[in-house]
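Below is one structure, written out as structure tokens; the observations come after it.
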Number of protein chains: 4
Amino acid sequence: MKDVQSEKDERMVPLKKVGIKGLKWPLKVQDKKRGFQYTVANITISADLHRDLRGTHMSRFVEVLKNFEILSPKGIEDILIEIKEKLGANSAHIELLIPYFIWKESPVTKSESPLEVCAKIYAELSDSYKIYTGVKVPVHTLCPCSKEISQEGAHNQRAEVDILTRSKKMIWFEDLIEIAESSASCPIYTLLKRPDEKYITEKAFENPKFVEDVTRDAALRLEEDERIEWYRVEVTSFESIHNHQAFACVEKGWMN
Amino acid sequence: MKDVQSEKDERMVPLKKVGIKGLKWPLKVQDKKRGFQYTVANITISADLHRDLRGTHMSRFVEVLKNFEILSPKGIEDILIEIKEKLGANSAHIELLIPYFIWKESPVTKSESPLEVCAKIYAELSDSYKIYTGVKVPVHTLCPCSKEISQEGAHNQRAEVDILTRSKKMIWFEDLIEIAESSASCPIYTLLKRPDEKYITEKAFENPKFVEDVTRDAALRLEEDERIEWYRVEVTSFESIHNHQAFACVEKGWMN
Amino acid sequence: MKDVQSEKDERMVPLKKVGIKGLKWPLKVQDKKRGFQYTVANITISADLHRDLRGTHMSRFVEVLKNFEILSPKGIEDILIEIKEKLGANSAHIELLIPYFIWKESPVTKSESPLEVCAKIYAELSDSYKIYTGVKVPVHTLCPCSKEISQEGAHNQRAEVDILTRSKKMIWFEDLIEIAESSASCPIYTLLKRPDEKYITEKAFENPKFVEDVTRDAALRLEEDERIEWYRVEVTSFESIHNHQAFACVEKGWMN
Amino acid sequence: MKDVQSEKDERMVPLKKVGIKGLKWPLKVQDKKRGFQYTVANITISADLHRDLRGTHMSRFVEVLKNFEILSPKGIEDILIEIKEKLGANSAHIELLIPYFIWKESPVTKSESPLEVCAKIYAELSDSYKIYTGVKVPVHTLCPCSKEISQEGAHNQRAEVDILTRSKKMIWFEDLIEIAESSASCPIYTLLKRPDEKYITEKAFENPKFVEDVTRDAALRLEEDERIEWYRVEVTSFESIHNHQAFACVEKGWMN
């Protein structure tokens, strides 16, 4: 059976990435507090393509993932090593977006419930290996301006803190989630009884934050963590008095 | 050239709807205050299919729309009449989802800005003709429970009021938008200066509403409008202290 | 602490549904062939609200779900019974959308890989209990008209078969997936090697189907299943020669 | 009224971007062939924030857009100049995503219909001004491997060609759309009659292309255009035999 992909390509255009996107994959993920949790990852996986090859063998990306049952830094690197070898590529890349649950106790009644965040892994292997760990965490922000200028109340809303980090050592998703939540006006919860709701309303009111504030506070926390070589923080607020979003972002390097 | 669609179908299964979805169409829409506005509709259009015909001629749906440049109740009915005729169908249906702008002045500084809402038309023609008009409007809700139990502040958030109505006479989108906005804790705006933000914060604080309240207040307004034969209201609140939504809905007929 | 939700409501408007949407929940699901699988459900849960109560206690929906770890017909009914009791409601409703994997062997090389489909459960409890089981399954369709009129080739595309059923006895998701896949031109797979790709290309070419054909073939299969009291089938095809979708739908009852 | 945003910030963290996202805006866009067309843009607009300022005045972004009625390269630059001035920023950025219609004649019957593509503008002003023009165009691809190994037929599907370019001179969206369409197996159309469908089926069958082929062919065309200083091409194929996407990408610079 003819191998069209392996034909010599005369156009001589090397491709940066060739691969597959939107691949859903059942996955077991190590959890800092509870051992393991099970989830469904959305995977993008790719490799570069040499200028004189017509195509990549796309099925090999799926074959390499066949035994990918547990998420671990070592497992991710092994996948990229195998991709590079099987496809004769110079570089290989993978991205995973993962619904990830943290089980939280509500602040007063200590009612436990699961909160879903989006966990992210991105890794690339060329001459060196780099792995990025991230989270996108829903939080609560209360507007300092609205509080200051109004006789009573202050507009507040759901916001998202999106953190991506590169590190030498493994970073737990939980560590980044803690930074995201503690940088906001208040964390959010799936289950809150009335005493909890009172606590959260009052806590947020005492702790007003612009998206700019959340971004800076998260950045300062990430600067302190010696494992982290690089980071990017983007905070998006679903403004409750507008139909658009406010956002702010910062990347490692602003100290220079 | 053989007409496969017109082949006799032996399975004898009549189909309720056959048609096309996700058709984007540039459209001019009559505006209550400013004459006209231009937008891009997302159209679903279909007809039933007789049990002994193998297929519909899908291209005819697009052909019928070819001169559809202005949205009007009469134009919609004409499209459905033509669909029924060209396809020999017993019933024809169309749905349009339309980004629609209302130009609003902010409450204090009277700054004008456009707010996008989703306008909706649904129509069906079988023995009789029915047309439905609807809107999905972003608004602001402030939680009565949170206000009552907390020393200061109250959680609030962006919410959506989704109204669909059937009427004998034409209903302006603006009429339904006004009902949606006046049923919430406060309307929202694209442009607000500080005196406006103060006003809105305080107004919402004085006017707390659960999704249940917004739903009921909108329903009572719709009951009063004699043009409206049927309606459905669904209010969804993007809870700022949770990562899920709260919702409530009601349909005409609860009085019985 | 004051209970605002329990205040008497003077508007006297009973609400059809009040509840929460977009609640993500980790779940273990019974699998016809492999025992169990783990997934993340997207849950909508609600109850009606009496006309003289101001609000529902939304946190109770989450409390009722607290021990919801395994999906089963009995478990779903128990949740609705508890909702009705705790909220003093006349009716309770739940909907679950679930990423669900089927492990399939490719047709020639017998390579195994997981394919994600969307599984659906909807249940309501008022005077009686009704449970609906459904799936949305990606498949392949090849156009009979394009094949007939063209010298070579035929346009084909990814399509989705969306089936919802109500039954007295439990229906496996796998049973409905099998109906969806066998009604299309060909099933689709996550991992295909070249002999598999050849097989599928040729099989689809020999088995051309309009969305109308897929819809009718699925309907006839569902009519034959004596467990099924009611069904709805909707097939949507992501037309490869257009930028819109073609669709067809049918519901139980067309025989009358 | 106190100006909280203008407070001195002690954290000394400059922010890369602060602004608003998801702002919908009615817009008139110059059209290469038909004069003008009207559309609804989705706008992201931002500026950097000095390390000793607490917050940006978000309302000024909307104020600057108030007279933004027609899309033009000069208008975009003027908006960024005004943002920089009003906010005292070092850099300002804007991104617009625009539903844009091209009116195409079908290949044989010359039936005219509108096809929606996504047009994109991105611009940034710091010491210098850079403007990027892009399009995301739906096309048809037919798999060369499937054609080669199968006795009859070949799987094909809808794909998207995403092109972004930076140029000194203005680039028409139509110029990039032409490159995207001519790089695929075949363009797609909103309205096709049977002779057109036959033509397209046969043309695609004679012109099989992997995503890698489409990417390279588009890259070579963009290299030839002397106005273009930089480009990126990403082609994504909604594989009709899988439930995931295949993709390939390349950026200017591969010749080195």
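The values are calculated or read from the model by the stated rules, or taken from the named source; none is laboratory data. Remember, it's a predicted structure, so these values are computed and weren't measured experimentally. Cβ atoms come from the backbone with ideal geometry, glycine included; neighbour counts cover every protein chain shown.
Laid out as a table, the results:
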quantity	calculated
Residue list for the range B:204-223, filter: more than 20 Å from residue C:51 (Cβ to Cβ) and crowded, with 21+ Cβ neighbours inside 10 Å	B:204, B:205
Residue pairs meeting the criteria (Cβ under 6 Å; at least 6 apart or on separate chains; first at the interface with chain D (Cβ under 7 Å from one of its Cβ atoms), in the range A:235-256; second surrounded by 24 or more Cβ atoms within 10 Å (Cβ to Cβ) and among the aromatic types (Phe, Trp, Tyr))	A:236/A:247
Of residues in the range A:158-208 being over 28 Å from residue A:96 (Cα atoms), of a type in the set (Ser, Thr, Tyr) and not in a loop (DSSP other than H, G, I, E, B), the one farthest from the other protein chains (Cβ to nearest Cβ)	A:199
Test: residue B:169 is charged (D, E, K, R) and modelled with pLDDT under 95	yes
Among (1) at negative phi; (2) more than 11 Å from chain B (Cβ to nearest Cβ); (3) out of contact with any strand residue (DSSP E or B) (no Cβ under 7 Å at 6 or more places or on another chain) - the single one residue D:88 does not satisfy	(1)
Filter result (farther than 30 Å from residue B:114 by Cα and of a type outside the set (A, V, I, L, M)) within the range B:34-57	B:46, B:48, B:50, B:51, B:52, B:54, B:55, B:56, B:57
Qualifying position, being within 10 Å of another protein chain (Cβ to nearest Cβ) and touching a Gly at 6+ places or on another chain (Cβ under 8 Å), among B:154, B:119	B:154
Filter result for the condition that a residue is in contact with a Phe, Trp or Tyr (Cβ under 7 Å, 6 or more places away or on another chain), more than 14 Å from chain A (Cβ to nearest Cβ) and of a type in the set (D, E, K, R), over C:17, C:28, C:32	C:32
The range D:46-66, residues that are assigned to a strand (DSSP E or B) and in contact with an Asp or Glu (Cβ under 8 Å, 6 or more places away or on another chain)	D:49, D:53
Sole exception among (1) within 19 Å of the chain's Cα centre (by Cα); (2) without any contact (Cβ under 8 Å) to a residue 60 or more places away in the chain; (3) surrounded by 21 or more Cβ atoms within 10 Å (Cβ to Cβ) for residue D:201, by number	(1)
When residues of the range C:122-151 are limited to those that are farther than 26 Å from residue C:228 by Cβ, of a type in the set (A, V, I, L, M, F, W, C) and out of contact with any Gly (no Cβ under 8 Å at 6 or more places or on another chain), the one nearest to the other protein chains (Cβ to nearest Cβ)	C:149
Test: residue in the range B:224-243 that is buried (at least 24 other Cβ atoms within 10 Å of the Cβ), in contact with a Lys or Arg (Cβ under 6 Å, 6 or more places away or on another chain) and within 22 Å of residue C:25 (Cβ to Cβ)	yes
Which numbered condition residue C:37 fails, given (1) more than 14 Å from chain A (Cβ to nearest Cβ); (2) in a strand (DSSP E or B); (3) modelled with pLDDT of 95 or more	(1)
Any hit, the range C:211-229, residues being within 30 Å of residue D:159 (Cα to Cα), in a helix (DSSP H, G or I), among the hydroxyl-bearing types (Ser, Thr, Tyr) and within 18 Å of the chain's Cα centre (by Cα)	yes
Complete set of residues in the range C:122-157 that are in a loop (DSSP other than H, G, I, E, B), surrounded by 24 or more Cβ atoms within 10 Å (Cβ to Cβ) and among the hydroxyl-bearing types (Ser, Thr, Tyr)	none
Sole residue being within 19 Å of residue D:171 (Cα to Cα) and either assigned to a helix (DSSP H, G or I) or in contact (Cβ under 8 Å) with a residue 40 or more places away in the chain (or both), chosen from D:98, D:43, D:83	D:98
Residue match in the range C:65-76 (condition: surrounded by fewer than 19 Cβ atoms within 10 Å (Cβ to Cβ), within 20 Å of residue B:248 (Cα to Cα) and more than 7 Å from every other protein chain (Cβ to nearest Cβ))	no
Those residues of the range D:38-53 which are within 17 Å of the chain's Cα centre (by Cα), buried (at least 20 other Cβ atoms within 10 Å of the Cβ) and not small (Gly, Ala, Ser), in sequence order	D:39, D:40, D:43, D:44, D:45
Where residue C:74 falls short, out of the listed (1) of a type in the set (Lys, Arg); (2) modelled with pLDDT of 95 or more; (3) in a helix (DSSP H, G or I)	(2)
Options A:51, A:11; residue that is farther than 20 Å from residue A:61 by Cα and more than 10 Å from chain C (Cβ to nearest Cβ)	A:11
